[in-house]
1. Conditions first: (1) in contact with a Pro (Cβ under 9 Å, 6 or more places away or on another chain); (2) aliphatic (A, V, I, L, M); (3) under 17 Å from ILE320 (Cβ atoms). ILE176 passes all but one, so which condition is the exception?
2. Take the stretch 265-283 and flag every residue that is of a type in the set (Ser, Thr, Tyr) and under 23 Å from the mean Cα position of the chain (by Cα).
3. Out of everything in the stretch 311-331 that is surrounded by fewer than 21 Cβ atoms within 10 Å (Cβ to Cβ) and in a helix (DSSP H, G or I), what residue ends up being modelled with the lowest pLDDT?
4. Out of all the residues in the stretch 299-310, is one or more among the polar types (S, T, N, Q) and at pLDDT below 95?
5. In the stretch 88-138, what count of residues is obtained for those that are among the basic types (Lys, Arg), over 25 Å from ALA226 (Cα atoms) and part of a loop (DSSP other than H, G, I, E, B)?
6. Consider VAL167 carefully, then state whether it is part of a loop (DSSP other than H, G, I, E, B) and surrounded by fewer than 20 Cβ atoms within 10 Å (Cβ to Cβ).
7. Restricting to the stretch 262-292, what's the tally of residues that are of a type in the set (Gly, Ala, Ser) and outside any strand (DSSP E or B)?
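The values are calculated or read from the model by the stated rules, or taken from the named source; none is laboratory data. Nothing here was measured: the structure is a model prediction, and the numbers come from that model. Note that we place each Cβ from the backbone using ideal geometry, even for glycine, and neighbour counts take in every protein chain shown.
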Amino acid sequence: MRADLALVGFGHVGRRFARLLEERRDWLSLDYDLDCRIVAIATRRHGAAFRASGLDAAALAARVEEGHRIAEDRDDAGDSFDAIRLLAKSDAPLKVMVETTTLDIAAGQPAIDHVRAALQAGCHVATANKGPAAFAYEELSVLAEDRGRSFLFEGAVMDGVPIFNLVRETLPAVQITGFRGVVNSTTNHILTAIEEGESFDAALERMQTLGIAEADPSLDVDGWDAAAKTAALANVLMRAKMTPQAVDREGIGPGTVRLAMAAKARGARVRLVASAQTVSGGVTTAVRPVELPDTDLLAGLRGMANALVLQTDLLGEIAICQLGGSLTQTAYALLSDLVTIRRRQPPAPPATASGRNP
């Protein structure tokens, strides 16, 4: 089955996804009967391009990394919404908008508008942006259901670790009553680097160099990235109706160095913990540095490791860990969502004796 894709956003994650798609092309074809073409790419700073027969996304990724615009000798797709409209005109059985723009912590835009426009145009959506689930999950999930399309966002929290898939596919009739976890790789790396004697600024700079930290590092260190992930998790897993601004939030900074070192001297660890709990009348959420005993699962997370502990009504606590994070893991989450979309398609009708479908 052919799938035509429009990539809206072509930063570190989008470019890694384009290359991963090519690396796994044979695998996708053999195991899932999935033949993918990237027909549109739209960026904020590097232009946009469209080709109905498919773009050489890997070559365009190299151009962007060399500082060039992507729209050269190609039909210019205009802006991101032009790319979505052009994708909608494709005759491919599957049309998927892959959204990887930068998180807007104020309102989740323009990612929400991108998702809305794609669903309204009859396209499926896979996004690594936290904004749509953190600000508009209910609206967009209802729209997707009404249009018979998928709205997936596995890469929004903990990279490629299947948090949302875990609950959706393997925990039927189980209620998530709360969770706690370390969900921001940058702050966890900084805190463990501090414990080893490194400075706050040096640890943060390394995360930016690796492309792990957000473009605006304050989103990480001030706790906004974790707050957006907390809101997304609460909205999807606990049916909360909240935004990141409703999360009780406290980040980390140079002053956290003293807290971390004092905790280490006591045999404890400081981690930036995201949490949610069902209470009478709703869900309470928080992101804040917490001192944990060294026996706590979260205390043992080093470097870019993440973990989430789900509290359930029937199975007690369930923990899922990721011991290292990278762009590949986030790009893989988009690939996983793409396979999920393919699996949801109805099987082709059986062929008749003449070899033709009835």
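1. (1)
2. Selection gives SER275 alone.
3. LEU327
4. yes
5. Final tally of qualifying residues: 1.
6. no
7. Counting residues in the stretch 262-292 that are of a type in the set (Gly, Ala, Ser) and outside any strand (DSSP E or B) gives 6.
A quick yes/no check of all residues on (1) of a type outside the set (Phe, Trp, Tyr); (2) at negative phi; (3) in the same structural domain as ALA144 (by TED's automatic domain parsing):
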position	(1), (2), (3)
VAL8	yes, yes, yes
SER29	yes, yes, yes
PHE50	no, yes, yes
LEU60	yes, yes, yes
GLY67	yes, no, yes
ILE70	yes, yes, yes
ALA92	yes, yes, yes
THR102	yes, yes, yes
ILE105	yes, yes, yes
